[in-house]
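Everything below concerns the one structure shown next.
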Amino acid sequence: RDAALEVHGPIFYATLVVLAVFVPELLSSNVQGRFVGPLALAFMLAVLVSLIVALTTTPALSALFLTVDDTHVEALWLTLLKRVQARMIELVFRYLNIFLVLVALLLVGALSLLPFLGGTFLPEFREGHLVVQVTSTLPGTSLDEMLSLGRRISDEVLALPYVATIEQQVGRAEGTEDTWGPHQSEFQIELKPDVYVDQARAEKQLREILARYPGVQSEVVTFLGDRISESLTGQTAQVAVKLFGTDLDALDVAAARVQTELATIDGIVDLQFKRQSGTPILGVTLDPAALAAVGLKGQDVLDTIATDYAGTTVGQAYAGNRTEDVVVQLSDEWRSQPQQLSELTINGPFGPVPLSSVAHIVSSSGRYSVQHENGQRFVAVTFNVSGRSLQNVVAEARGRIARSGVVPAGVQLEFSGAAAAEQTTRIELALYSALMLVLIVMILSVGFDWPAHPWLVMANLPFSLIGGIFAIYATGIGLSLGALVGLVTVFGISARNAILLLSYYEQLVDEDEMAWNEATVVRGANERLSPILMTAVLTALGLAPLAFSIFQPGQEISGPMAVTVLGGLASSTILNLVLMPALAAHFSGRNR
């Protein structure tokens, strides 16, 4: 009981700190937050339950199963490790300023690597399934032509050794949510269930195949990437450059210039401008005088054209237990020959009348769709990023377009997509993290009696950043969402270790009435070596499988998180065991 009461305060406040560090992830409201929110919630619930177990079940089981006769001899390696720790602490005592400068240089070096880490918040998901968008540069390309193109592409794709199946969707189905014309096509490519398939290499080879087909634009994305991008911008690519205005022709010209400018930027792939104009149409202009002469109204002509080409439901039929609509329309052979539109007959009060006698039929071109956002017309130039940081590429694209002056007056340009979502996430996390740090300081101020100790615990933030950032840089995983969660997690773990050490110093002096000197500092550090080291080693062993399988499917978030935690854990544990005692000796004695 006495031993449990001795540690219940430090454990309780350390747990509150660990819970506080996950508040920013839990409050994040965008797409990135939807990925890490359940992870943060699960972690927080697990920590709460473990706190209850540590304060109740563990002491009770210890009372039941541990006996007075049990003897314990400290392991030789632990004894040697304590001697090494004591000597290192004495060395740091002697040259504290030098060690502080070294740690500061390491921190500056780690922070200077941030611009070179690259990566994106949402990583490339290795799902074993790819989505390929293929669009003809000529709107109005026939369905048969796109199917023929699809068969040739499918034959080449299926020849790749890692492709299991491929299917093609052309145009849009009735009642679908995709407002595509027949010149747009989507391929669903399933890779063989082999964890050694390099998805990045697969995407590169698919782009090489598609580049051999002139007159088409294409992009290669994952299924989740496709869905996420569409939820952000309505486009399937990572980044959408939207041009808003009233003159659609001027928007087309500006978008074509933007596309030309972006084509010279390194790292941009799947660059597309899906032109909406140029779709062949047949314009039917009714002649009021001719209609009156044959006794017809304009609606009669429109109803007949709609029935013949779009179809009209005239009844229902039963097929087993299902009800099927009966639709009347012209045959496919007739509708596939636009020149026969003039021969269409309209039933009038004086007999059938050919359409050509009451209307002017002119071939022209138009738009198969006009996109709107917030009540404004827009066109979009889209692209993905490969081999470079998403933020760096978007920043270069912004600068290049601004300097070139390709956007005329009256046209408003906007970058949207993953880069804009990342920027929003950074602002949110910065705000929530600042609030989190204030909350942690408040918790520590309540938990500690010595005023310097809350600020010494906060020193674990740079301790963790040093190893975490160097681990990210060494492995090349980039500053992704998982790496960010890892930095937060390792700060919570290292802060808990510091709380256990500093609270024990308070106990030795305030309760055991020991003098506050170098010997007390070394003793406290030696006696807290085992729990701190055990926490670090067990955490590392638990995360090692995730770190070693970082490039396997399903580890896109947990893998970088594990690598970052392992790196930060290494630096923070060493500094907590060696530098923190010296800092406590230097600062804790003041005004305690």
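Where a number appears in this text, it was derived from the coordinates with a stated rule and is not lab data. Worth saying up front: this structure is predicted, and the values here are computed from it rather than measured. Reconstructed Cβ throughout: ideal geometry from the backbone, glycine too, with neighbour counts over all protein chains shown.
Charging the Cβ of each Asp and Glu at -1 and of each Lys and Arg at +1, and nothing else, the dipole of the stretch 4-121 about its Cα centre rounds to 420 debye. So if I take the centroid of the Cα atoms in the stretch 294-343 and the same for the stretch 146-221, what is the distance between those two points in Å? Taking the Cα centre of each part, the stretch 294-343 and the stretch 146-221 sit 35 Å apart. Annotation: the chain has a Kirkwood hydrodynamic radius of 29.5 angstrom, from the mean reciprocal C-alpha pair distance. The modelled label-to-label distance for the pair residue 165/residue 224, using points 7 Å beyond Cα in the direction of Cβ, is 2.1 nm.
Pairs of Cα atoms nearer than 8 Å and 6+ residues apart set the relative contact order; for the chain it is 21 percent.
Placing +1 on each Lys and Arg Cβ and -1 on each Asp and Glu Cβ, with no other charges, gives the chain a dipole about its Cα centre of roughly 1560 debye. Between residue 249 and residue 435, the contour length at 0.36 nm per residue exceeds the Cα-Cα span by 62.1 nm.
Relative to the current alpha-carbon distance between residue 102 and residue 330, full extension at 0.36 nm per residue lengthens the span by 73.8 nm. The stretch 115-251 gives an Rg/Rh value of 0.99, both radii derived from C-alpha positions and Rh following Kirkwood. Put simply, when 151-159, 559-567 are sorted by average Cβ atoms within 10 angstrom per residue, most first, you get 559-567, 151-159. Taking amide H as placed 1.01 Å from N in the peptide plane, the amide H of residue 163 sits under 5 Å from that of 192, each at least 5 places away or on another chain. Label-to-label distance, residue 400 versus residue 345, with points set 7 angstrom from Cα along the beta-carbon direction: 6.1 nm.
In summary, the lysines within cross-link reach of residue 242, defined as a Cα separation below 21 angstrom excluding same-chain residues under 8 places away, comprise 274. Per DSSP H run of at least 4 residues, take -39500 (n - 2.57); add these up for the chain, divide by its residues and hand me the 222 nm value, nearest 500 deg cm²/dmol. Rounded to the nearest 500, the figure is -18000 deg cm²/dmol.
Look at the dipole of the chain built from charges on Cβ: of 245, 302, 81, the Cα furthest out on the positive end belongs to 81. Here the calculated FRET efficiency for residue 198 and residue 263, from their Cβ-Cβ distance with R0 = 22 Å, stands at 0.25, rounded to the nearest 0.05. Between residue 41 and residue 67, what is the label-to-label distance in nm when each label sits 7 Å out along the Cα-to-Cβ direction? Here the answer is 4.8 nm between the modelled labels.
Around the amide H of residue 137, modelled in the peptide plane, lie the amide H atoms of 216, 217, all under 5 Å away and 5 or more residues distant in sequence or on another chain.
Compared with the dominant Cα axis of the chain, that is its longest principal axis, helix 460-475 is turned about 50°. Which residue, chosen from 97, 267, 567, occupies the Cα position most advanced towards the positive end of the dipole of the chain, where the dipole is computed from +1 (Lys, Arg) and -1 (Asp, Glu) charges on Cβ about the Cα centre? Among 97, 267, 567, the one farthest towards the positive end of the dipole of the chain is 97. Averaged over residues, the count of other Cβ atoms within 10 Å places the peptides 46-53, 497-504 in the sequence 497-504, 46-53, highest first. Here residue 90 and residue 3 are evaluated by their C-beta separation; at R0 = 35 Å the FRET efficiency comes out at 0.75. Here r is the Cβ-Cβ distance between residue 76 and residue 52 and R0 is 22 Å; the resulting FRET efficiency, rounded to 0.05, is 0.05. Averaged over residues, the count of other Cβ atoms within 10 Å places the peptides 284-290, 300-306 in the sequence 300-306, 284-290, highest first.
Which of rounded, prolate, oblate describes the stretch 412-508, given a ≥ b ≥ c as roots of the alpha-carbon gyration tensor eigenvalues and a/c under 1.5 marking rounded, otherwise prolate only if a/b is larger than b/c? The shape class here is oblate.
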